[in-house]
Amino acid sequence: MKYTYTLLIVLSLCCSGCNDFLNEAPDNRIEVNTLDKASELLVAAYPNVDYLFTDWFTEEAEYIETNNQTPLMTESFMWEELGSYDDTNSPSGYWYAAYKSIAQANSALEALENIEDEDDVYRNAIKGEAFLCRAYSHFMIATLFCNNYDSTTAIKDMGIPYVAESEKQLIKEYDRGTLANTYEKIEADLLAGLKLVSDDYYSGSKKYHFTKQAAYAFASRFYLYKKDYNKSIEYADKVFGGSAINKAYIKDLIAYSEQSGVTEKMQFYINNGDASNILIVEKLVSIGLRHNYGYRTAIKSWNALFEATIFSGNDFRYRYMSYYGDGSRNVIKAAKFDEEFYKESLTATTGYPFYVQAVFRGEDLLFNRIESYIQLGDLDKALNDLNEFSQYRYSTPVALTISDVQAYYTTVDEEGVTVVPSEKEALLQLCLSEKRKEYIHEGMRWFDIKRYNIEVTHITFDHKKLVLEKNDLRKVLQIPIDATEAGLTKNPR
């Protein structure tokens, strides 16, 4: 990628005072000369753009006749090359926001090298957070814009530009390198951050920064995606405090149901005092949360998803989480995120809408661990976790056996032959199904569709059937147009 910077040259209209002018800073930029100022740089080192656009690629999205559609939403729904741009609800918006966050982390790391302060413990804590922020943004970009990680192909698959220093050139060229190299650098930053990060210098809830727990949660997901399953389990257990599920990290949906209204439910869901919300990030949003725009989950599909379950009793997510945007639309929405508005000043009528999202949740750790157990062949442990999780999500769950799960996922093919899945396949289906329900409308389903080559079907407004095949190249999102025009290699199509 080539980054182009415009030099602003300010010319004085008179010669008098020229020496004084040259002795002044050319802009209002704050000089980062203390550890506190370096730490403040990291407030903007978390991508502040949402990835809810990924829901439009999945089975959660349907054409809603009464909704307003935008070109970007339609292009996403039809898996077309995205010609439309949106600062918030688009892959290109996320790409640029993530690289901006990386630049903030690099600025902090560079500033730390020049700050004279003997508090090395504080310095290391800032450095640890910066490494984690840099690793996280690169990881998210790679997850969206690169192939799934596979150790047998990563040395050939294209990676992303890994930016590990502040820009000092007017024009600097980048190449994508390999996915193996990208993951090596992410892992190096992640491990460096894990070693240095500290919880001792944050005020308030601490949930808006990488704490030790948030770093462990990130590590658990990273190693799951890297297919290093033992490490994914190891870091999940560090948060839980052992191999047992720590109930404190599983969101209490009974308490959620007792909130007085939809807004109160949304606020409860993202409460920064809730242990299940491990890392919270403020996100800009335009219409990504609004039920009356775009391709959403139809009521019938919502019902079918939650009614299809092997566990007995009522699903609390089905019973308590849904609400209708209004009675005239065939659309349903999970009461999870509350759109708020930030005014540019106390008296301003302009500003921007935003919401807050837990990008790492306690439930992540559980599903990471279940999936890892399955892939390692520890099926009894996986089933034990699934059975215990059902206690927190169903009204009258009954403990399942592996045979129960196999029977539930047994199908009959087109030729009338009964197809019984293996124990591993059956448990994986159950894991991904429960995870889909848990994270509905949070932008997470797409990552599992991509990682497990799941086929997706969409029906257009004129009743045409579109299929995203299991190994469809479009599951790797295309590099933004500006970046490819500047020389960065496109993903194949």
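General remarks:
- In this structure, Lys156 qualifies as of a type in the set (Lys, Arg), open to solvent by 40 Å² or more (accessible area, probe 1.4 Å) and in a loop (DSSP other than H, G, I, E, B).
- Cβ-Cβ under 6 Å pairs, at least 6 apart or on other chains, segment 206-222 side within 18 Å of Gln104 (Cα to Cα) and surrounded by fewer than 23 Cβ atoms within 10 Å (Cβ to Cβ), far side at pLDDT 95 or above and of a type in the set (A, V, I, L, M, F, W, C): Tyr208/Ile280
- Taking segment 232-326 and the helices (runs of 4 or more DSSP H) fully enclosed by it, the elements with 3 or more residues that are open to solvent by 20 Å² or more (accessible area, probe 1.4 Å) and within 27 Å of Pro353 (Cβ to Cβ) are at 262-269.
- In the set (1) surrounded by fewer than 13 Cβ atoms within 10 Å (Cβ to Cβ); (2) charged (D, E, K, R); (3) under 28 Å from Phe337 (Cα atoms), Asp448 fails one condition alone, (1).
- Residue match in segment 385-406 (condition: of a type in the set (Asp, Glu) and open to solvent by 70 Å² or more (accessible area, probe 1.4 Å)): no
- Asp482 vs. criteria of a type outside the set (Ser, Thr, Tyr), at pLDDT 95 or above, closer than 26 Å to Arg176 by Cα and out of contact with any Ser or Thr (no Cβ under 6 Å at 6 or more places or on another chain): no
- Residue count, segment 92-146 (criterion: over 12 Å from Ala45 (Cα atoms), polar (S, T, N, Q) and under 21 Å from the mean Cα position of the chain (by Cα)): 2
- Candidates are the residues of segment 107-130 that are touching a Lys or Arg at 6+ places or on another chain (Cβ under 9 Å) and closer than 18 Å to Lys206 by Cα; the one that is surrounded by the fewest Cβ atoms within 10 Å (Cβ to Cβ) is Asn124.
- Residue in segment 131-174 that is farthest from Tyr202 (Cα to Cα), counting only those that are of a type in the set (Asp, Glu) and in contact with a helix residue (DSSP H, G or I) (Cβ under 9 Å, 6 or more places away or on another chain): Asp157
The values are calculated or read from the model by the stated rules, or taken from the named source; none is laboratory data. Just so it is clear, the structure is predicted and the values come from calculations on it, not from any experiment. Quick reminder, even Gly has a Cβ in these numbers, built from the backbone with ideal geometry, and neighbours come from all protein chains shown. For accessibility, only protein heavy atoms count, side chains too; no ligands or nucleic acids. Shrake-Rupley method; radii C 1.70, N 1.55, O 1.52, S 1.80 Å.
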